[in-house]
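Colleague: Dropping the structure in here first, questions after.
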Amino acid sequence: MSSSSVQTSPSLEADTETDKELYQHFTDLVSTWPSSESMSFIPLYRHVDGGWHSSLKPMVGAMVADARFTARPSDIIVATLPKSGTTWIKALLYAMVHRREHHPADAVAHPFNSLGPHECIRFLEYQLYTNDRVPDLDKLPDPRLFATHVPFASLPSAAAASRCKVVYVCRDPKDNLISLWDFANKFRVRHGQEPVTAEAAADLFCRGVSPFGPYWDHVLGYWDAHVERPEQVLFFRYEEMRLDAAAHVRRLAEFVGVPFSAEEEEGGVVDAIVRLCSFDHMSGLEATKGGKTELVIGTVANNEFFRRGQVGDWANHLSPEMARRIDAITESRFKGSGLRANYAKLH
Ligand code: PAP
């Protein structure tokens, strides 16, 4: 975690600038950085310090968050690459943390009936630090739950200083890519653009031109942080969550300091959380079928966050050659890190 984005602008006097001027300052700065066509409907900029890619507004939002977010040690931040299980981990974390006020077995009264996971836990750069506003987050009760897609090194520097907790989820890059590609094409079509082929999207992905990518840098950044500070950074894999979601809910609860009591275990609370947050249950809720999420890049129907929710769907879309190309990069980049490269062995 660093304040690299602030270091790129030594003349910035954040305390004296109005919110609008702060956004303008970073917008002007990012606009001078390299940009390239992407699989989505808008170009991606390359963060000159961090090396990661994002469209303009979320990148600016992340920089404003870096400058202005004040953290508490009790904060919990969900960190993911887009399309690697964000919606699911947000649901699991929210349901687990709030299990006493909102019993997960009480499916009728649970907030998920009216609020999607993205409204329960908001993204810093897509929902909170947007539209020239610096949100007042001081009144939120502990523990405050936030989400972000930025790499570990670009998390708000206040979060590093506070030692708040970070929950990371990664996913097989091939499934991550296919999920991203499908989502990006929906945006393209909505904006009157031709969809891109899976192979073209994969080529961009391999060259690191994907939201918050390169994929491999993002995953390794959080992995290394987890190895160094396991008490601060939890590292989950989507495929392993699919194999045993209950074990992950227990680890999540222990990690944030609210383990399940013997009484809760006997009462089946863990399984109730898993069921409540399952793809089948969440995708059938009214909040999913009819709800929307306002993101700084546009409004998204909540059902767009639920596609298939499966492991290995990439095989239906990627050529064997492209799959091998991605696997070879993963193998070589993960080598020596302690992170298993072979996702196929996980399921
Ligand atoms: P985001 O980063 O834009 O919020 P994110 O939730 O990470 O998106 O990605 C959506 C993927 O998670 C979809 O995968 P797919 O395209 O391969 O189907 C979606 O189906 C999957 N997903 C959403 N909710 C769940 C869930 N409860 N369980 C398992 N997978 C889920």
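Colleague: HN-Hα J couplings of segment 162-175 from phi, Karplus 6.51/-1.76/1.60, θ = phi - 60°, integer Hz, Gly and Pro as x?
Modeller: 7, 6, 5, 8, 10, 10, 10, 10, 10, 9, 3, x, 6, 5
Colleague: I would also like to ask the following. For the chain, just the Cα set please: Rg and Dmax, both in angstrom.
Modeller: Radius of gyration, then largest Cα-Cα span, for the chain: 19.5, 58 Å.
Colleague: How big is the charge dipole of the chain about its Cα centre, in debye rounded to the nearest 20, if each Lys and Arg gets +1 on its Cβ and each Asp and Glu gets -1 on its Cβ?
Modeller: The calculation lands at about 560 debye.
Colleague: For segment 35-102, take the convex hull of the Cα atoms, compute a quarter of its surface area, and give me that in nm², please.
Modeller: 6.5 nm²
Colleague: Could you tell me which residue out of Val189, Ser31, Val270 lies farthest along the dipole of the chain toward its positive end? Charges go on the beta carbon: Lys and Arg +1, Asp and Glu -1, centred on the Cα centre.
Modeller: Value computed over the given set: Val189.
Colleague: Ok, one more. Quick one: give the max-minus-min coordinate of the C-alpha atoms of segment 64-112 along each principal axis, largest first, in Å.
Modeller: Extents along the principal axes: 40, 26, 15 Å.
Colleague: Need one word for segment 18-69: rounded, prolate or oblate. Basis is the Cα gyration tensor (sqrt eigenvalues a ≥ b ≥ c); a/c below 1.5 gives rounded, then a/b vs b/c decides.
Modeller: Because a/c hits 1.5 or more and a/b exceeds b/c, segment 18-69 counts as prolate.
Colleague: Would you mind working out the magnitude of the charge dipole of segment 267-308 relative to its Cα centre, with +1 at each Lys and Arg C-beta and -1 at each Asp and Glu C-beta, to the nearest 20 Debye?
Modeller: The calculation lands at about 120 debye.
Colleague: Based on the mean of other Cβ atoms within 10 Å per residue, sort peptides 48-60, 67-79, 179-191 so the most packed one is first.
Modeller: Listed from highest to lowest mean packing, they are 48-60, 67-79, 179-191.
Colleague: Calculate, in nm to one decimal, what Glu304 and Leu140 gain on full extension: separation in residues at 0.36 nm each, minus their alpha carbon distance.
Modeller: In short, 56.2 nm is gained.
Colleague: Something else about it: So what's segment 118-157 giving for Cα Rg divided by 2.2 N^0.38 Å, two decimals?
Modeller: 1.19
Colleague: Grab the other residues whose beta carbon is less than 13 angstrom from that of Val169, score K and R as +1, D and E as -1, and report the net.
Modeller: Summing Lys and Arg as +1 and Asp and Glu as -1 gives +2.
Colleague: I need the phi-derived Karplus couplings for segment 260-275: 6.51 cos²θ - 1.76 cosθ + 1.60, θ = phi - 60°, integer Hz, Gly and Pro marked x.
Modeller: Values, residue by residue: 6, 7, 4, 5, 5, 4, 5, x, x, 5, 4, 5, 5, 5, 4, 5 Hz.
Colleague: How big is the dipole moment of segment 117-262 about its Cα centre under a simple scheme where the beta carbon of each Lys and Arg is +1, that of each Asp and Glu is -1, and everything else is neutral? Debye, nearest 20, please.
Modeller: That gives segment 117-262 a dipole magnitude of about 240 debye.
Colleague: Quick one: the Cα spread of segment 199-347 along its three principal axes, in angstroms, biggest first?
Modeller: Projected onto its principal axes, the Cα set of segment 199-347 covers 50, 41, 30 Å.
Colleague: Taking amide H positions as placed in the peptide plane 1.01 Å from N, state which residues far from Asp132 in sequence (5 or more) or on other chains have amide H under 5 Å from it.
Modeller: none
Colleague: Ok, one more. Given H placed on each backbone N at 1.01 Å, which residues far from Leu295 in sequence or on other chains put an amide H within less than 5 Å of it?
Modeller: Val300
Colleague: Now, a different point. Could you work out the equivalent-ellipsoid semi-axes for segment 106-238, taking the square root of 5 times each eigenvalue of the Cα gyration tensor, largest first, in whole Å?
Modeller: In descending order, the three semi-axes are 28, 22, 16 Å.
Colleague: Report the label-to-label distance for Glu194 and Arg207 in nanometres (one decimal), using points 7 Å from each Cα along the Cα→Cβ vector.
Modeller: Simple spin-label model gives 1.7 nm for this pair.
Colleague: Could you give me the ³J(HN,Hα) list for segment 142-148, computed from phi with Karplus coefficients 6.51, -1.76, 1.60 and θ = phi - 60°, whole Hz, x at Gly and Pro?
Modeller: Calculated HN-Hα couplings, in order: 6, x, 7, 10, 10, 9, 7 Hz.
Colleague: Quick one: what does P(r) look like for segment 53-139 with 5 Å bins over all Cα pairs, in whole %?
Modeller: 3, 12, 21, 21, 20, 13, 6, 3, 0
Colleague: If Lys and Arg each add +1 and Asp and Glu each add -1, what is the summed charge of the other residues whose beta carbon sits under 13 Å from the beta carbon of Val270?
Modeller: Overall, the nearby charge balance is -3.
Values quoted throughout were computed directly from the atomic coordinates according to the rules given, and no laboratory measurement underlies them. Keep in mind the model is a prediction, meaning the values are calculated, not measured. Heads up, the Cβs are rebuilt from the backbone with ideal geometry, glycines too, and the neighbour counts pull from every protein chain shown.
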